[in-house]
Each structure stands twice: as structure tokens, then as C-alpha cells.
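Let me begin by presenting the structure, written as C-alpha cells, before commenting on it.
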Amino acid sequence: MRRRQVRIPLISLVVALTAFVPTLPLEAQAPTQPPAALPLEPAAFPPFIEFELGNGLRVVLVQGDRQPVLSFRVAVLGGSLYEPAGKAGLADFVAGLLTKGSSTRSAEQFAEAIERVGGTLGASAGPDFLSVEAAVLVEDRELAFELAAEALLRPVFPSMEVVLRRTQTRWALTLARSQPEAIAGRLFAATVYGDHPYGRRADEASVQGITRADLAAFHEARVRPAQALLVMAGAIDSVEAQRLAEQYFGAWSGRGASPPAARPAPQRARTEIVLVDRPGAVQSNIIVGNTTWMPTDIRGYAFAVANQILGGSGDSRLFRDLREARGWTYGAYSSVSRARGLGTFTARAEVRTEVTDSALVELLGHLRRMGDAVVPEEEFLRQQQTLVGQFPLTVETADQVAAQVANARLLGLATDYVQSYRQRLAAVTAPQVQAAARAGMRADAALVVVVGDASTLRERLESVAPVTVVDIDGQRLDVATAAAAGAATAATAHSLQLDASRLEARSDSFTVLVQGQPFGFQVTELRRDATGEWVFSEESALGPVIQQRTTVRFDAALRMRATEQSGRFQGNDLRLSVRYLGGRASGEGITPGAGQMRPVRYDDVAVPDGSVDDNLLVGLLPFVAWTPDLRFDVSVFASGKGALERRSFRVVGEEVVSVPLGTFAAYRVMYEGGEAPGTYWIESAAPHRVLKYGPAGVPLEFVRVR
């Protein structure tokens with residue numbers, strides 16, 4: 001006999017079951033406190049195996065067999081600290097050229113050999129150290145060690161590579177001189193360290209004076225094993241590690257020269273402001289900071305927590321106050337930099353000119369409160385646990401482990417520093433954070449660097465602290481000179497004035513070249529729609545890096561209406577939607593920034609008359625009345641940031657330029673400001689087509705093809 005199935009409607013079943021569940025008030029059903037933190041687990045590190053070769057080279061092996069890879073780096077005491085006077089940038093030159101030619105391989109052969117096995121090989125220089133790093137599958141370890149040893153021990157510094165490096169460095173310096181953030185950083189380092197080598201930065205004169213003989217002499221004096229360190233991390237045992245070290249670095253010999261005597265960094269008894277004049281700037285870049293202490297100082301753990309609380313993330317005090325509560329800046333952060341000598345602490349923000357003094361007062365107030373009061377328990381625990389929890393993410397790969405261990409050893413930290421770092425952070429107390437902040441931040445004796453319009457800012461900032469006005473090279477300006485510079489800029493620079501009757505529909509096409517080889521394209525179009533509004537669109541692709549389409553709508557009076565952007569950046573979706581109404585802008589999306597994708601959202605930001613969306617600027621250049629001596633500034637709304645910025649154009653010469661379309665007489669126009677300053681070549685005769693554009697600091701060109 002078949003058993004009859006009885007089907008109960010689901011809703012009836014739910015109702016029936018709830019009859020047996022006691023009803024609780026809503027507030028009793030949800031937890032009111034986060035769960036207690038689990039006991040801290042030590043970061044899982046295998047034993048470190050250490051030994052020393054007969055030539056003095058120290059070797060550290062961190063074994064790990066989770067992945068079949070090997071990462072290693074060799075570091076020597078050969079950073080900028082050791083550069084002779086007048087040769088700033090020499091260490092970076094040497095590092096950049098180590099893999100550009102040896103006694104048996106050319107630059108192309110180095111690149112081809114490591115790329116063939118899917119590995120990486122590079123070199124870099126910092127304030128104290130010069131290093132060569134490599135990462136490969138463990139089966140390719142012989143090749144990696146062979147290449148690294150050849151690059152580090154037997155470079156030849158080919159003359160053509162020296163010339164190319166000098167050109168690239170000069171372009172990078174040109175780029176830095178147009179970037180307020182870079183200007184602020186350079187002047188802060190020079191002022192906070194004074195005559196100490198840590199404060200030196202390469203400039204046009206020092207770069208031009210570096211010769212191949214200088215490179216060889218620096219290499220001969222500094223690249224020696226007695227004070228060097230080799231760190232390996234990955235899937236090899238101690239026997240194999242010792243064999244590799246002996247085979248490829250055992251014959252290396254010599255002892256590096258002592259560093260030059262360095263003067264101590266200056267100490268301030270009061271807060272002082274260095275105001276770097278950029279006439280006409282609509283924004284100010286602020287850096288506040290000080291020197292701290294040696295890397296072995298035990299206060300470093302508490303200071304790391306203090307920095308996290310103040311400005312280490314988007315959940316920190318500076319960001320939540322200056323960005324979220326007041327809307328003065330896109331972001332405000334702080335950071336700690338360590339060296340073998342004195343490190344530095346800095347807090348930074350980029351703000352509108354009109355709120356610069358207010359933002360500085362608030363920023364200094366936050367520094368002062370960090371030292372004056374114990375951090376509330378909930379805030380302290382949240383930020384401390386964030387730091388503790390993030391650390392394992394920095395030692396997940398062999399390359400990360402090698403970097404962490406090498407850095408700790410080179411700075412002279414305890415042998416168990418990496419293994420015990422989380423436990424030491426977790427042991428920090430709130431009173432220790434307060435004491436470290438008071439000693440390291442020193443709000444009442446801080447150095448402040450502000451890059452902005454001195455004619456507008458000087459008097460306002462003098463109410464905060466004594467002000468010294470300098471130009472972008474750090475040369476002191478008196479008040480009259482700064483005012484005259486501002487007046488001269490106002491007199492010789494003209495806002496973007498376009499005759500609406502000259503606007504016409506047009507389409508332009510460019511090919512993008514990297515070192516002369518095709519890498520992508522850019523197509524722009526300007527048209528008028530049925531409503532009478534203008535529509536500018538740009539579609540571009542740069543290899544696998546970026547694919548993007550942008551549309552900007554505006555009316556005949558250059559009043560912005562809307563901007564839409566979509567595409568991909570390094571495999572990530574990018575998007576932006578902006579609406580302009582009544583002199584205000586609101587937008588949201590996700591855009592590239594600071595090496596990663598960042599969310600963007602802003603509401604009701606003021607956009608003064610005459611300002612144009614930064615994406616539209618290139619589409620309007622053909623309609624400017626170009627002349628041989630023209631110079632003008634443009635107020636732009638950087639719609640990917642939600643901030644007003646200034647762009648500058650200056651005709652610096654006339655040239656004959658050849659592009660696939662033909663040969664034309666052209667103005668060479670320097671473009672400054674924004675993320676990609678560089679040089680435009682614009683047809684000198686109407687219709688003033690953009691013929692070519694080269695961003696500063698990169699071997700990239702946009703060349704007109706139609």
C-alpha cells in the first residue's frame with residue numbers, strides 16, 4: 001500500500017515553527033558588542049639559518065616550501081649617504097645601470113634571460129643601501145644567481161646607457177618640478193635634515209655632472225662584501241643556500257670605504273613654516289613633521305601605533321576630520337620613515353587655498369592632542385588590532401619575507417625582530433603611545449612646508465607660526481619679490497578664453513608609441529548634439545594597461561554639464577559619473593590613484609566660472625589663439641578627484657615637426673600641473689592641430705595620424 005505524501009506549504013511551516021520560538025525584543029536579538037579578540041597567534045616563520053662567508057658576506061636563509069619559488073636580495077652600504085658632494089643622484093644612477101650591461105651581457109640580454117624563465121631582476125638605491133633583487137621558480141635559481149652576481153659585481157656602465165639614464169632622470173626632475181607634492185617633499189627633506197646627506201636630492205646640475213668615471217669609482221668604493229648582506233627566502237635547504245652563496249659571491253672581495261662625516265640634523269625650538277611660492281595656485285600642499293630617532297629605539301613600536309591612530313588609514317583621525325567631517329581635502333594621512341640614522345615623521349594634506357590656514361591649525365591640533373591625552377580605549381584597541389592583523393599579509397610570499405628580513409637586518413634591528421613584531425605591537429599600551437607621540441611628533445616645534453600662492457597665504461599663515469617664503473628651488477624670497485612674482489604671473493598669464501564661434505566639429509587620431517614602438521591609440525571627437533550642447537569624447541587604449549572612454553558635455557559658454565568615464569585599468573573596472581549644475585559638481589565612481597584603484601564620491605563642490613573639466617582640456621587646445629609668446633593658466637576641475645587644480649601652458653619655442661600626416665611648423669608648448677605634465681607640439685597655423693604630445697619622465701609619445 002502506497003504511503004500518501006502530505007505537502008505542507010512552506011509559509012505555513014515557518015508560521016508553525018515560530019510558535020515554539022520565544023519572542024525576544026529586537027535589541028536583545030542583535031549583539032551590542034563585537035566578539036572578544038582571539039588569542040594572538042605568532043606569525044608562522046620557519047627557523048632563520050645564518051652564516052658568514054670568508055669574505056665577510058653575511059647570509060640569512062628563510063626556508064619555506066609552500067611555493068616552489070626563491071627570492072633573494074644582496075644589499076651593500078651604498079645609498080645616497082655615500083655620494084660625494086655635488087653628485088646627488090649618483091647611487092640611483094649606479095643602481096639603475098647595474099642590469100644595463102656587464103662584461104658578458106647587454107641590457108637586452110639581461111632582460112631576455114630573466115623574462116624567458118618568468119622571473120624578475122632589478123636593482124635600487126635608497127638613503128643607506130644599494131641592492132639587487134631577484135625572484136624565480138626554484139628550478140631557475142642558478143640563472144638568477146648568475147645574473148644577479150654579474151650585475152652587481154661586473155657592470156660596465158655602457159656610455160649609451162649612461163646618456164639614456166641621464167635623459168630619463170632629467171625628464172623625471174622636470175616632472176617633479178611641476179608636481180606640488182614632489183616640491184613639498186623635496187623641500188621638507190632639505191629643511192628637516194639641513195646639511196645632512198639624507199636631505200640631498202638630485203637636481204639638474206648634479207645629474208648633468210655625473211660621468212661614467214663617477215659610476216665606476218662609486219661602484220669600486222661601495223660594492224664590497226665586508227658590510228653586505230644576502231637574504232634568501234624560499235624552497236631551498238641550507239646546504240644549497242651555502243653552495244649558491246659560495247659559488248657566485250665567494251670570490252667577491254674588499255671592504256667598503258667609510259661614509260663621509262655628516263652634520264647632525266637641525267633641531268627646532270618652535271614651529272616654523274616654509275612657504276614655497278607657486279603664484280596663482282588654487283590648492284596648497286601641506287607637510288608637517290620632524291626627525292624622530294634611530295631605528296633601534298624601542299619607542300618605534302608605540303610610535304607605529306600612534307601613527308596608525310593619527311593618519312595611517314582612511315579610518316584615522318586626520319582623514320575622518322579633514323576629509324569626511326570638514327570636506328577640506330581628498331585625503332589626509334601620516335607616515336613614519338626609517339633609516340639607519342634619524343628617521344622622519346610626516347603628516348600631509350592637499351587643501352583648497354582658502355582653507356589652508358584653517359587646515360594647518362587643525363592638523364597641528366591633532367598632533368598636539370596625540371601627545372597631550374591618552375587615546376580612548378576603543379579607538380586605541382581598534383587601530384592597534386588593525387596593525388597587528390595586517391602584518392601577516394606583508395609576509396605571505398617569499399619576496400615579501402626576503403624584503404622584511406633584509407630591511408630588519410640592514411637597519412640593525414634585533415635578530416628576532418620580524419618574528420616578534422606582532423607580539424611587540426600587541427604589548428604596546430595607550431600611555432606608551434601618548435609618550436611616543438609627544439616625543440616624535442612635537443607639534444610645538446614642527447617643520448611645516450606649504451606649497452601654494454604666497455601672495456594669498458603669507459599673512460594668513462603668519463598667524464600660525466613664523467613664515468619663510470622660498471621659490472620651488474628653496475631660494476629665499478622677500479615679501480616684495482613674492483608679491484611681484486604673483487603680480488607678474490597675473491599680468492602675463494591669461495585664462496582660457498575661447499571664441500565660441502571658432503568651435504567646430506572635428507575628429508583627431510593619435511598612435512601611442514613606447515620607445516618608438518606602437519603601444520596603443522587615442523581617438524578624440526568634438527561634435528554638437530540636437531540640443532545645441534557640445535559633446536567631447538575620447539577613446540584610448542595603452543596596451544594591456546588601460547582601456548578608457550570619456551565623454552564631456554558642455555555648452556557654448558564653456559559651462560560644464562556632465563562627464564562620464566568607463567573602462568579598465570590594469571585589469572580593474574574604472575568608472576566615473578559627474579554632474580554639473582549651478583556652478584557645483586557632484587560625482588562618484590572608482591578611478592586609478594596612487595598605484596591602486598580608489599573610490600571617489602563628492603557632493604556639491606564649488607566650480608567657479610571659467611573652470612573646465614580636466615578631461616576636456618586637450619579637446620579645446622586647437623581653439624586657443626596661439627602666438628609665439630603665449631602663456632596662460634587654466635582653472636580645471638579634476639573630476640576624478642573632486643578638486644580644483646591649475647594647469648599652465650607656455651610657448652617655449654618654434655620647431656618643424658614631422659608626423660605621419662606630414663611636416664608642419666609648430667609651437668613647442670610646456671604643459672605643467674596635473675598628473676601628466678609634459679610637452680605639446682601644436683600646429684602654429686590654424687587650425688592649430690595638436691601634432692604630438694610627450695609626457696615628462698616616461699618614454700611615451702602620442703603622435704597624430706589623422
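Summary of computed values
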{"item": "ASP416/GLU246 FRET efficiency (R0 22 Å; Cβ-Cβ; nearest 0.05)", "result": "0.25"}
{"item": "Percent accessible area from carbon and sulfur atoms, the chain, protein chains only, probe 1.4 Å", "result": "54"}
{"item": "Cα gyration tensor shape of segment 67-127, rounded if a/c is under 1.5, else prolate or oblate by comparing a/b with b/c", "result": "oblate"}
{"item": "Cut-off under 5 Å, modelled amide H: who pairs with GLU654 long-range", "result": "ARG668"}
{"item": "Contact order relative to length of segment 533-594, as percent, for alpha carbon pairs under 8 angstrom and 6 or more apart", "result": "23"}
{"item": "Heavy-atom accessible area per residue - segment 75-171, 1.4 Å, Å²", "result": "39"}
{"item": "Label-point gap, in nm, between ALA85 and SER358 - each point 7 angstrom along Cα→Cβ", "result": "4.8"}
{"item": "Karplus (6.51, -1.76, 1.60) ³J(HN,Hα), θ = phi - 60°, over segment 74-90, in Hz, Gly and Pro reported as x", "result": "10, 10, 10, 6, x, x, 5, 4, 9, 6, x, 4, x, 10, 4, x, 5"}
{"item": "Segment ALA465-THR167, length gained on full extension (0.36 nm per residue, minus Cα span)", "result": "103.2 nm"}
{"item": "Descending principal axes extents, segment 124-224, alpha-carbon based, whole Å", "result": "47, 29, 26"}
{"item": "Rounded to 5, the percent of DSSP beta bridges in the chain classed as antiparallel", "result": "90"}
{"item": "Gained length - VAL514 relative to GLU139, 0.36 nm times residue gap less alpha-carbon distance", "result": "131.7 nm"}
{"item": "Cβ-derived FRET efficiency at R0 41 Å, ARG255 paired with GLU539, nearest 0.05", "result": "0.10"}
{"item": "Over the chain, relative contact order from alpha-carbon pairs under 8 Å, at least 6 apart, %", "result": "12"}
{"item": "Largest-first principal axis extents, alpha carbons of the chain, Å", "result": "94, 78, 73"}
{"item": "Diffusion constant of segment 642-706 at 20 °C, which comes from Stokes-Einstein with the Kirkwood Cα-pair radius and 1.002 mPa s, µm²/s", "result": "172"}
{"item": "Hydrodynamic radius of segment 573-695 per Kirkwood, over alpha carbon pairs, in Å", "result": "15.9"}
{"item": "Mean separation of Cα contacts under 8 Å (6+ apart) over length of segment 77-199, as relative contact order %", "result": "26"}
{"item": "Under 18 Å from the ARG369 label point (7 Å along Cα→beta-carbon), backbone N, segment 413-450", "result": "430-431, 433-439, 441-444"}
{"item": "Spin-label pair ALA216/ALA426, simplified geometry with 7 Å Cα→Cβ offset, distance in nm", "result": "5.6"}
{"item": "Spin-label pair SER159/GLN390, simplified geometry with 7 Å Cα→Cβ offset, distance in nm", "result": "4.9"}
{"item": "Anchor LYS87: lysines whose Cα lies under 22 Å away (excluding residues fewer than 8 positions away in-chain)", "result": "LYS100"}
{"item": "Area projected by the alpha carbon convex hull of segment 57-197, averaged over all directions, nm²", "result": "10.7"}
{"item": "Helix-only [θ]222 nm of the chain, DSSP H runs n ≥ 4, -39500 (n - 2.57) each, per residue, nearest 500", "result": "-9000 deg cm²/dmol"}
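The values are calculated or read from the model by the stated rules, or taken from the named source; none is laboratory data. Bear in mind that the values here come from a model prediction, so they are computed numbers and not experimental data. Glycine also receives a Cβ, built like all others from the backbone with ideal geometry; neighbour counts cover every protein chain displayed. Side chains are part of the model used for accessible areas, which takes the heavy atoms of the whole protein and leaves out ligands, DNA and RNA. Shrake-Rupley method; radii C 1.70, N 1.55, O 1.52, S 1.80 Å.
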